[in-house]
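Below: the structure, in structure tokens.
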Amino acid sequence: MPAASTDATAALREKIPSATPRASTDHPAVNVPAADALAALKFLRDEQSFDLLVDLTAVDWGTEAAPRFSIIWHLFSTTTLAYLRVAADCTDNAAPAMASTVPLWPGAEWHERETFDMFGIQFIGHPDLRRILMWDGYPHHPLRKDFPLAGIEGELADPEIAKETGAKVIAAPMAGGPFVAAPGEMNLTDAEPRAKDESWNEAKEKPV
């Protein structure tokens with residue numbers, strides 16, 4: 001691991017004693033409490049040269065886990081070329097929330113919107129927190145562990161699409177994946193592989 005990442009982790013733990021090492025097989029990683037997350041990230045940006053937010057996402061550990069949701073930030077220093085992963089747990093399973101990092105990295109805006117859309121996690125202080133992939137009014141969060149692969153039927157958001165296709169309901173795009181194709185089964189340049197879970201499509205193909 002780059003010495004710069006190791007030094008930054010040590011400096012962060014000295015600055016914020018609540019930060020603890022996080023198991024990782026690739027880059028140095030650290031856990032911080034949600035209450036200290038923004039301060040930790042600001043310290044890493046301003047004093048440890050982690051000026052680039054590479055990615056921001058969430059993990060759903062499952063409905064029985066407590067805490068259930070964690071936010072993950074992947075940071076990079078364009079000065080030292082070091083990577084660092086920072087994680088913080090959302091303390092409320094029923095209404096998960098985390099401080100927005102848009103004030104630190106403006107590019108976090110779309111990352112946080114996607115995480116809100118897919119996981120239902122609120123980002124406090126975000127300037128425009130709304131769905132970015134699913135339509136407004138969609139009641140589910142597709143990357144939660146309790147969301148079925150084949151999706152959940154609901155009304156189509158766009159009446160024009162419904163009119164053109166004759167469809168009245170939709171589950172999830174492409175039956176939700178994951179997608180599989182046995183070697184030699186098809187030419188992938190001519191056709192897309194089928195979803196592993198085709199139950200929704202098969203049910204709709206049966207004659208009425």
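Can you spot a residue in segment 59-68 that is touching a helix residue (DSSP H, G or I) at 6+ places or on another chain (Cβ under 7 Å) and in contact (Cβ under 8 Å) with a residue 40 or more places away in the chain?
yes
Looking across segment 72-98, the residues that are in a strand (DSSP E or B) and either surrounded by fewer than 20 Cβ atoms within 10 Å (Cβ to Cβ) or in contact with a Pro (Cβ under 9 Å, 6 or more places away or on another chain) (or both) come down to 72, 74, 76, 83, 84, 85, 87, 88, 89, 97.
Filtering segment 31-71 to residues that are under 16 Å from residue 19 (Cα atoms) and either of a type in the set (S, T, N, Q) or surrounded by 21 or more Cβ atoms within 10 Å (Cβ to Cβ) (or both) leaves 31, 32, 37, 40, 41, 44, 48, 70, 71. Filtered by the rule that a residue be free of Cβ contacts under 8 Å to residues at least 60 places away in the same chain and assigned to a strand (DSSP E or B), segment 42-58 gives 52, 53, 54, 55, 56, 57.
State yes or no: is residue 39 hydrophobic (A, V, I, L, M, F, W, C) and part of a loop (DSSP other than H, G, I, E, B)? Here the answer is no, as residue 39 does not meet what is asked.
Coordinate-derived values only; no laboratory data. Keep in mind it's a predicted model, so treat the numbers as computed, not measured. Glycine gets a Cβ as well: all are built from the backbone with ideal geometry, and neighbour counts include every protein chain shown.
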